[in-house]
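S.K.: Sharing a structure below in structure tokens format, with a few things to ask.
Read the figures in this text as sums done on the coordinates, not as results from a lab. The model shown is predicted, which means the values in this text are computed figures rather than measured ones. Heads up, the Cβs are rebuilt from the backbone with ideal geometry, glycines too, and the neighbour counts pull from every protein chain shown.
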Amino acid sequence: MHEIEKVAEAYFPSETLISVVPLGNGHINSTFLVKTDRNQYTLQKINTNIFKDVDGLMANVQAVTHHIRDKARDEGLDPERATLHFMSAPDGNRYLKYNGDVYRAYIYIDNAFTIEKMENPEHFYQSGIAFGKFAKDLSSFDASVLTETIKNFHNTVSRYNDFEKAVSDNISGRADDVKEEIEFARARKEFTHMFVDKLEDGSLPVRVTHNDTKLNNVLFDNDTGLPTTVIDLDTVMPGSYLYDFGDAMRSGSTHAAEDEKDLSLVDFDLGLYEAFTKGYLSMCKDSLTKVEIELLPYASIMLTLECGMRFLGDHINGDTYFRIHREGHNLDRARTQFKLVAEMEKNVDNMKAIIKKYL
Ligand code: ADP
Ligand code: GN1
Ligand code: MG
């Protein structure tokens, strides 16, 4: 029996295990679909190198999902599909420790799909509605109960410093082979201050945000084609609307996969940008401040640059953070992000016009 099957049996001791299969394409946790005689679950091995405070993390998940479930009930929506529902371990804890690893389980949301690569603008419009609604639902959530699960997660100045440290440590010896990419990031060092400085001086408000709004973190219903659930709640913490808006554009405003090797396929599609903007702003435009509105056209550039620096730094560090499936995978990912940044930078005026249209 595989280790993960033993974990599934330990998590659900009174149920008969039917099957366990790997699920999804996340870069951080390891996710499995578990079928038993009674139900279907997603079982996840939490990456504890990254999430060091699992109690804090799971307390966040519990608080946030309760809040969203209550909102869904008030609105007459199905509370069990509106958000994730985690299953306690047999000892009543929010997760299970097994052979030194940490696992948690959610009820599997059936009859739903995720999107890995953007093809249909309608999906991205709907994704905007889903993340906009998520922001709106959490606008009444008490941020003080949340643990910061990863410190400085979208602090682009500290991300830049981490990237420079990776270059100077050069643990893998790869820095010499990626001089062009390093220079691309260095040329944007000042830009990395644009949001951080305003968050620090208080002019940009802190919001409770998702912080990982990539395409495949929304489940869509197979029957209606509409979003059913925003998932991957590990990084829900105080942040900025600019982060969620920008990070969604990073993965959804291009037709290319995040790890596309042929950079000529990495486009920036203003039609897709408009689709998400329309959906997102329809949900939360009324709560945006003047400073948020002014900075919104730069959000996709900032978050895509940040992710590119993280991928490049990880490549130079020897691939210790993001899961890779081939040699040079993180470098390929960094290159798509930087290509996208360059394309977005040419379109700031167009992005401003689109945002203005939907405010
Ligand atoms: P990671 O942090 O590694 O990205 P996720 O929580 O996003 O992990 O899960 C990875 C993938 O597993 C998702 O993209 C989705 O396809 C699938 N998935 C996760 N949770 C559920 C769920 N409750 N119901 C259905 N599918 C799920
Ligand atoms: C990771 O967990 P996943 O695969 O949804 C990462 C995000 C990155 C993303 C890039 C906790 O997201 O920050 O933007 O990869 N999550 C964490 O694809 O670091
Ligand atoms: Mg995910």
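S.K.: Pairs to check: Lys97/Lys117; Lys189/Lys261; Lys117/Lys198; Lys165/Lys214. Give those whose C-alpha atoms are more than 29 Å from each other in this structure. Numbers along the way, then the final one.
M.R.: Details: Lys97/Lys117 34 Å; Lys189/Lys261 26 Å; Lys117/Lys198 33 Å; Lys165/Lys214 26 Å.
Going by Cα-Cα distance, Lys97/Lys117; Lys117/Lys198 fall outside the 29 Å limit.
S.K.: On to the next question. How large is the convex hull of the Cα atoms of region 14-138 per residue, expressed in Å³ as a whole number?
M.R.: 145 Å³
S.K.: Could you tell me which of Ala72, Gln126, Ser140 has its Cα farthest along the dipole of region 64-163 towards the positive end, charges placed at Cβ (Lys, Arg +1; Asp, Glu -1), taken about the Cα centre?
M.R.: Going by the Cα projections, it comes out as Ser140.
S.K.: I need the semi-axes of the equivalent ellipsoid of the chain: take the C-alpha gyration tensor, multiply each eigenvalue by 5, square-root it, list largest first in whole angstrom.
M.R.: Sorted largest first and rounded, they come to 32, 25, 19 Å.
S.K.: What is the diffusion coefficient of region 19-64 in µm²/s, taking the Kirkwood radius over Cα pairs and the Stokes-Einstein relation at 4 °C with a viscosity of 1.567 mPa s?
M.R.: Estimated via Stokes-Einstein, D reaches 108 µm²/s.
S.K.: Turning to a different aspect of this structure: Rounded to the nearest 10 degrees, what's the angle between the helix 121-138 long axis and the longest principal axis of the chain, both from Cα atoms, 0 to 90?
M.R.: 70 degrees
S.K.: Hey, another quick one. Restricting to DSSP loop positions (anything but H, G, I, E, B) with no more than 15 other Cβ atoms inside 10 Å of their own Cβ, which trypsin sites (Lys or Arg not before Pro) remain in region 255-359?
M.R.: Lys261, Arg323, Arg326, Lys346
S.K.: Sticking with this one: Label-point separation (nm) for Ser158 and Lys136, each offset 7 Å from Cα along Cα-to-Cβ?
M.R.: 3.2 nm
S.K.: Count neighbours as other Cβ atoms within 10 Å of each site's Cβ, and list the trypsin sites (Lys or Arg not before Pro) in region 131-209 that are DSSP loop with at most 12 such neighbours.
M.R.: Counting only loop positions with at most 12 other Cβ atoms within 10 Å, the trypsin sites (Lys or Arg not before Pro) in region 131-209 are Lys151.
S.K.: Which loop GluC sites (Glu not before Pro) in region 13-115, with loop taken from DSSP, have no more than 15 other Cβ atoms within 10 angstrom of their Cβ?
M.R.: Taking region 13-115 and a limit of 15 other Cβ atoms within 10 Å, the loop GluC sites (Glu not before Pro) found are Glu75.
S.K.: Between Glu183, Glu258, Glu343, find the one with the highest GNM mean-square fluctuation for the chain; connect C-alpha pairs within less than 10 Å.
M.R.: Looking only at Glu183, Glu258, Glu343, the largest GNM fluctuation is found for Glu183.
S.K.: Mind pulling the angle between the C-alpha long axis of helix 329-345 and the longest principal axis of the chain? Nearest 10 degrees, somewhere in 0 to 90.
M.R.: With both axes taken from Cα atoms, the answer is about 50 degrees.
S.K.: Give the order of Val206, Val54, Val266, Val341 when sorted by the count of other beta carbons within 10 angstrom, beginning with the fewest.
M.R.: Result, fewest neighbours first: Val206, Val54, Val266, Val341.
S.K.: Stretch Ala143-Val291 to full length: gain in nm at 0.36 nm per residue minus the Cα-Cα span?
M.R.: 51.2 nm
S.K.: Assigning unit charges at the beta carbon (Lys, Arg +1; Asp, Glu -1) and nothing else, what dipole magnitude in debye, to the nearest 20, does the chain show about its Cα centre?
M.R.: 400 debye
S.K.: Identify all lysines with a Cα-Cα distance to Lys357 below 23 Å; exclude those on the same chain that are fewer than 8 residues away in sequence.
M.R.: Lys133, Lys136, Lys278, Lys285, Lys290, Lys346
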